[in-house]
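Okay, so here's the structure we're looking at.
The values are calculated or read from the model by the stated rules, or taken from the named source; none is laboratory data. Here the structure is a predicted model, which is why all the values come from computation and not from measurement. Here Cβ is always computed from backbone atoms with ideal geometry, including for glycine, and neighbour counts include all displayed protein chains. We work out accessible area using only protein heavy atoms, side chains counted, and drop any ligands, DNA or RNA first. Shrake-Rupley method; radii C 1.70, N 1.55, O 1.52, S 1.80 Å.
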Number of protein chains: 2
Amino acid sequence: MATIDALTPERILEATEEVLRRHGPAKATVVDVARALGVSHGSVYRHFRTKTALREAVTQRWLDRTSMALSGVVAGSEPPGTRLRRWLAELFAAKRRKVGDDPELFATYMVLVGESSAVVNRHRADLTGQLARIIHEGLERGEFAPAGASPEVLARAVFDATGRFHDPAYAREWAEPGIDAEFTALVDLVLRGLAAP
Amino acid sequence: MATIDALTPERILEATEEVLRRHGPAKATVVDVARALGVSHGSVYRHFRTKTALREAVTQRWLDRTSMALSGVVAGSEPPGTRLRRWLAELFAAKRRKVGDDPELFATYMVLVGESSAVVNRHRADLTGQLARIIHEGLERGEFAPAGASPEVLARAVFDATGRFHDPAYAREWAEPGIDAEFTALVDLVLRGLAAP
DNA sequence: CAACTGACAAAAATTGAAATCTGTCATCTG
DNA sequence: CAGATGACAGATTTCAATTTTTGTCAGTTG
């Protein structure tokens, strides 16, 4: 019993995610999480200093699942241009899935965005880092050519340029008709901006 | 007296703008506007059906001032690439000035954005229309080259790509250090995407 | 009689008291 | 004695009563 029921951070995160999914960020309480685990709320505070820390840890895990899925595209063997296009499409698809399938966790994520949480900054850094890896390879192979710009700066520019298709502030627009055509037009423009003549 | 004091839509808009500037969108009331004009609030409703219509009319006027200033750039005689760059820089500068100088009217504008008001859509259409004019000329002259895309589609792509530097949702970031370098990097990328090889 | 007023109903915002929640810690328990 | 508990203070949220605001319109005024 002791081993199976041991109260670990992992189990707490699992329960918190479930509670957030059910109640949303506005209604979920630490007492709810404790109740779901069959412990007192004091025990939860033994593992997470504040409710905010708990929310951030859950969101980080949730965002990291996306980063990990995308890192598969970065590591692919296709030409960088193709990989970049695929990576952007998968990011867009992943974000859309997140709003659709997990609206309450998405709302939690948006709360952290509003607070400029470090978790969100980290996620952005993760993603631009992946972009920079693809762009770096493209520059090395001569497939990409912009002179005088580092992969990091270009990655940031590409990330900013495509914000409408991954920034949660725009989530409402992701269901509008024509959004896919607009995505394609924008990605075409960006890829042309990177490509060697 | 009758002529000078005539209650016109124009005078009401003037007074409303002043009241909004002083109290902000959350506190400004129609009675405040009426008081500022020395009339009863019933008289204000004779010219504007609802408070929302009043807010929208004020915001439209305020946004139109920006559109008009930018249309000067569209009509310029420089090469389209230069004009496009200048136009984007002026849009960014204008939006930054608006947040800085008129925070309460900017907040009013953001309320309309949140409500997906027709005024905001119109403003966006105005701006992408101006972009399309510049791009159309660039294509005609052979300075721009993307195959198979209309000026309208390209304009929309350029507008979306630069959202971080004109969309009010990002206003908080416009004061961060390094923002100008990021703006330049993004505009360079976009212009490269449009340019003929 | 065209423009304006102000009393009014319905809707929305504000207030303040009660209830709930967060985070701490002295105490308990296996 | 490591880990868990639950009573507690202070912060935050909820809820209902009250006030303010919106929008209308019958009546007033120049």
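Every listed requirement among (1) within 19 Å of the chain's Cα centre (by Cα); (2) surrounded by fewer than 20 Cβ atoms within 10 Å (Cβ to Cβ); (3) closer than 27 Å to A:R156 by Cβ is met by B:A145 save one, (1). Applying a threshold of 7 Å to beta carbon distances and a minimum spacing of six or more residues, or different chains, the list of pairs starting in the range A:168-197 at a residue that is of a type in the set (K, R) and ending at one that is open to solvent by less than 40 Å² (accessible area, probe 1.4 Å) and outside any helix (DSSP H, G or I) reads A:R192/B:P146. Quick one: which residue in A:A107, A:A169, A:A155 is small (G, A, S), at negative phi, touching a helix residue (DSSP H, G or I) at 6+ places or on another chain (Cβ under 7 Å) and surrounded by 21 or more Cβ atoms within 10 Å (Cβ to Cβ)? Just a single option satisfies the conditions, and that option is A:A155. Please indicate, with yes or no, whether at least one residue in the range A:151-162 is within 30 Å of A:V111 (Cβ to Cβ) and outside any helix (DSSP H, G or I). Checked against the condition, which is being within 30 Å of A:V111 (Cβ to Cβ) and outside any helix (DSSP H, G or I), the range A:151-162 yields at least one hit.
Yes/no matrix, rows are residues, columns are (1) at pLDDT below 95; (2) in contact with an Asp or Glu (Cβ under 7 Å, 6 or more places away or on another chain); (3) of a type in the set (A, V, I, L, M, F, W, C):
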{"residue": "B:V31", "(1), (2), (3)": "no, no, yes"}
{"residue": "B:A36", "(1), (2), (3)": "no, yes, yes"}
{"residue": "B:L54", "(1), (2), (3)": "no, no, yes"}
{"residue": "B:A57", "(1), (2), (3)": "no, no, yes"}
{"residue": "B:T66", "(1), (2), (3)": "no, no, no"}
{"residue": "B:G72", "(1), (2), (3)": "no, no, no"}
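Within the range B:83-102, the set of residues being open to solvent by 70 Å² or more (accessible area, probe 1.4 Å) and free of Cβ contacts under 8 Å to residues at least 40 places away in the same chain comprises B:R86, B:E90, B:R97, B:D101.
A search for C-beta distances below 8 Å between a residue of the range B:27-53 that is touching a residue at least 40 places away in the same chain (Cβ under 8 Å) and any residue that is more than 8 Å from DNA strand C (Cβ to nearest atom) and open to solvent by less than 30 Å² (accessible area, probe 1.4 Å), counting only pairs 6+ apart in sequence or on different chains, returns B:H47/B:I12. Out of (1) within 22 Å of B:K98 (Cβ to Cβ); (2) open to solvent by 40 Å² or more (accessible area, probe 1.4 Å); (3) more than 8 Å from DNA strand D (Cβ to nearest atom), the odd one out for B:A36 is which? In the conditions (1) within 22 Å of B:K98 (Cβ to Cβ); (2) open to solvent by 40 Å² or more (accessible area, probe 1.4 Å); (3) more than 8 Å from DNA strand D (Cβ to nearest atom), B:A36 misses (1) alone. A count restricted to the range B:113-167 and to residues that are free of Cβ contacts under 8 Å to residues at least 12 places away in the same chain and of a type in the set (D, E) stands at 4.
Report, by residue number, each residue of the range B:4-51 that is among the small types (G, A, S) and more than 10 Å from DNA strand C (Cβ to nearest atom). If you could, list the steps in order and put the result at the bottom.
Initial filter on the range B:4-51 (among the small types (G, A, S)): B:6, B:15, B:24, B:26, B:28, B:34, B:36, B:38, B:40, B:42-43.
Residues satisfying the conditions are B:A15, B:G24, B:A28, B:A36.
Out of curiosity, is A:L70 within 30 Å of A:A195 (Cα to Cα), within 14 Å of another protein chain (Cβ to nearest Cβ), more than 12 Å from DNA strand C (Cβ to nearest atom) and open to solvent by less than 80 Å² (accessible area, probe 1.4 Å)? The answer is no for A:L70. Out of the residues in the range B:128-164 that are polar (S, T, N, Q) and within 11 Å of chain A (Cβ to nearest Cβ), which is nearest to A:D167 (Cα to Cα)? Going through the qualifying residues, I end up with B:T162. Restricting the search to helices (runs of 4 or more DSSP H) fully inside the range B:12-119 and requiring at least 2 residues that are under 20 Å from B:W174 (Cα atoms) gives B:51-74, B:80-101, B:103-114.
All of (1) under 28 Å from B:D126 (Cβ atoms); (2) within 13 Å of DNA strand D (Cβ to nearest atom); (3) of a type in the set (K, R); (4) not assigned by TED's automatic domain parsing to the domain that holds B:M110 hold for B:R55 with one exception: (4).
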